[in-house]
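What follows is a set of notes on a single structure, which appears directly below.
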Amino acid sequence: MLHVCFSLATRRVLATLLAAGTLIGAATLPAAADDHRRDHRGPHSSLVIGDVQYDSPSRHDRSNRALNREWVEIKNTGRHSVNLRGYTLTDQQGNRYRFPDFRLDGRSAVKVHTGQGRNTRHDLYQDRHQQVWNDRDTATLRDNRGNVIDTESWGRRGHQHRG
C-alpha cells in the first residue's frame, strides 16, 4: 500500500483548488446550456399553417358572410394542446391578428376568419370589415415572443410553404 504524506499547507492548497474547480464547473454548465438555448430557435413547433382560403370569390362584397369565407387554418400536429395567447398571424401588408387566450388541442385545427363572429374551438374571428388575404400574399405565424413559427406564401409561383 502506498502511503503519501502531504504537509498541512499542501492539503489546504489542494482542497482549495478542488473546491474552486467544483464551483467553476457547476457555474459553467448552466451558462453553457443557456447559451445553447439562446442560439437555438427551440424545439420544432407542432403548429403549422394549413389551408388558406384567400381572395374570396365575392371580393367586392364586404358583407360579413363574404369576409368569413376568407380564412387561414392553423394546425396543431402534435399530441399536446398549445395556448396561442399572444401569437400573431400577419400578412405582407402588415395586417396583424393577435390570438386571444385560446387553447388549440393536439391533432386539431382552427380557422381564423377575417370577419366577425363568435369564437369557438374550431373558428376564430378577426372582426375586420374588409378582406385581408390577397391573391399574392404571405401568411406568417409568430409565437408570443415574435419568433416565426411558420409561413405560407401563394401567388405568382403558387403555394410555397416554409416552416
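General remarks:
- Residue count, the range 81-123 (criterion: on the phi > 0 side of the Ramachandran plot and among the basic types (Lys, Arg)): 1
For every residue, the table says whether it meets (1) closer than 14 Å to Val112 by Cα; (2) at pLDDT below 95; (3) in contact with a Gly (Cβ under 9 Å, 6 or more places away or on another chain).
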site: His44; (1), (2), (3): no, yes, yes
site: Val52; (1), (2), (3): yes, no, no
site: Asp61; (1), (2), (3): no, yes, no
site: Leu67; (1), (2), (3): yes, yes, yes
site: Glu73; (1), (2), (3): yes, no, yes
site: Leu84; (1), (2), (3): yes, no, no
site: Tyr87; (1), (2), (3): yes, no, no
site: Tyr97; (1), (2), (3): yes, no, no
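- Of the residues making up the range 74-117, those that are open to solvent by 70 Å² or more (accessible area, probe 1.4 Å), in contact with a strand residue (DSSP E or B) (Cβ under 9 Å, 6 or more places away or on another chain) and farther than 17 Å from Asp150 by Cβ number 6.
- Number of positions in the range 106-117 that are part of a strand (DSSP E or B) and under 18 Å from Arg62 (Cβ atoms): 1
- Contact map, the range 88-99: residues that are without any contact (Cβ under 8 Å) to a residue 60 or more places away in the chain paired with residues that are open to solvent by 50 Å² or more (accessible area, probe 1.4 Å) and not in a loop (DSSP other than H, G, I, E, B), Cβ distance under 6 Å, separation 6+ or inter-chain. Pairs shown: Thr88/Arg96; Thr88/Arg98; Thr88/Arg142; Thr90/Arg96.
- Among the residues of the range 118-144, those that are part of a loop (DSSP other than H, G, I, E, B), in contact with a helix residue (DSSP H, G or I) (Cβ under 8 Å, 6 or more places away or on another chain) and surrounded by 15 or more Cβ atoms within 10 Å (Cβ to Cβ) comprise Arg128, Gln131.
The values are calculated or read from the model by the stated rules, or taken from the named source; none is laboratory data. All values reported here derive from a predicted model rather than from experimental measurement. Cβ: placed from backbone, ideal geometry, glycine included. Neighbour counts: every protein chain shown. Side chains are part of the model used for accessible areas, which takes the heavy atoms of the whole protein and leaves out ligands, DNA and RNA. Shrake-Rupley method; radii C 1.70, N 1.55, O 1.52, S 1.80 Å.
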